[in-house]
Amino acid sequence: MGFQFTTLSFEAFTPQQLYAYLQLRSEVFVVEQNCIYQDLDNLDQASLHVLVYDAQLLVACARIVAANEKYPYISIGRVIVAQTHRNQDLGHALMQHCIQEIEARFGKQKIVLSAQAHLQNFYKKHNFAPQGAIYLEDGIPHIHMERMQ
C-alpha cells in the first residue's frame with residue numbers, strides 16, 4: 001500500500017481534512033520547532049494544497065501559492081512530513097508532486113520558496129538554487145531559493 005496524493009483548493013476541504021491539515025502544520029511548525037508564529041496568514045484561501053495520506057492518516061502536506069500573492073512567482077511553502085513518516089523519501093515525492101502539479105496546471109515556469117537554511121541541500125535535489133543571503137523568518141534562518149524552467 002502506497003501513499004495517496006491529493007490536491008485541493010481551499011474551498012474543497014472537508015472540515016475534517018482542514019482540521020487535520022492545520023493540526024499537522026501546528027504540530028511541526030509550532031510545537032516541534034518551538035516557534036511561535038502566525039501560521040494562518042490569509043494565503044491558504046488563494047492556494048492549492050497538496051495532501052499526502054497513509055491510509056486515512058494525513059502524513060505530509062505542502063502549499064502552492066499563486067503568483068503575486070506572496071511573491072511575483074508561484075511558490076511552494078508549508079512543506080511538511082510528519083515525524084512518524086520521515087526518512088522514507090516522502091519529502092522528495094511530495095516536492096516532485098508539487099512541481100508536476102504546477103507544471104500541469106500552469107505550465108513550466110520559475111518556482112520560488114523560502115527554505116529553512118539547513119534544508120538547502122534537500123531543495124537543491126529538486127533544482128532549486130539559493131538566491132541572496134540567509135535571513136531570519138520567525139526566528140529561524142531561511143534562504144530564498146528559485147527553480148528556473
- Where Rh is the Kirkwood radius over Cα pairs, Rg/Rh for the chain: 0.93
- Query: By the gyration tensor of its Cα atoms, with a ≥ b ≥ c the square roots of the eigenvalues, what is the shape of region 69-149: rounded for a/c under 1.5, prolate for a/b over b/c, or oblate?
  - Reply: oblate
- Note on the structure: In whole Hz, the Karplus estimates of ³J(HN,Hα) for region 47-57 (6.51, -1.76, 1.60; θ = phi - 60°; x where Gly or Pro) are 10, 9, 10, 9, 10, 10, 10, 10, 6, 9, 9
- Item | Rounded to whole Hz, the Karplus (6.51, -1.76, 1.60) HN-Hα couplings of region 110-124, x for glycine and proline | 5, 10, 10, 7, 10, 9, 4, 3, 6, 9, 3, 5, 4, 6, 4
- What aspartates and glutamates could a cross-link reach from K70, if we take a straight Cα to Cα line under 18 Å and drop same-chain neighbours fewer than 8 places away? D39, D41, D44, E137, D138, E146
- Report, by chain and number, residues whose modeled amide H sits under 5 Å from the one on V79, excluding near sequence neighbours (fewer than 5 apart, same chain). R63
- Message: Taking the alpha-carbon distance from K124 and a cut-off under 21 Å, which lysines remain once sequence neighbours fewer than 8 residues away in the same chain are dropped?
- Response: K108, K110
- In whole Hz, what ³J(HN,Hα) sequence does region 127-132 give by Karplus (6.51, -1.76, 1.60; θ = phi - 60°), x for Gly and Pro? 6, 8, 10, x, 10, x
- For region 11-39 versus region 41-110, the gap between their alpha-carbon centres in whole angstrom: 14 Å
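The numbers here are math on the coordinates, done by the rules we state, and not lab data. These numbers were taken from a predicted model, which means no experiment stands behind them.
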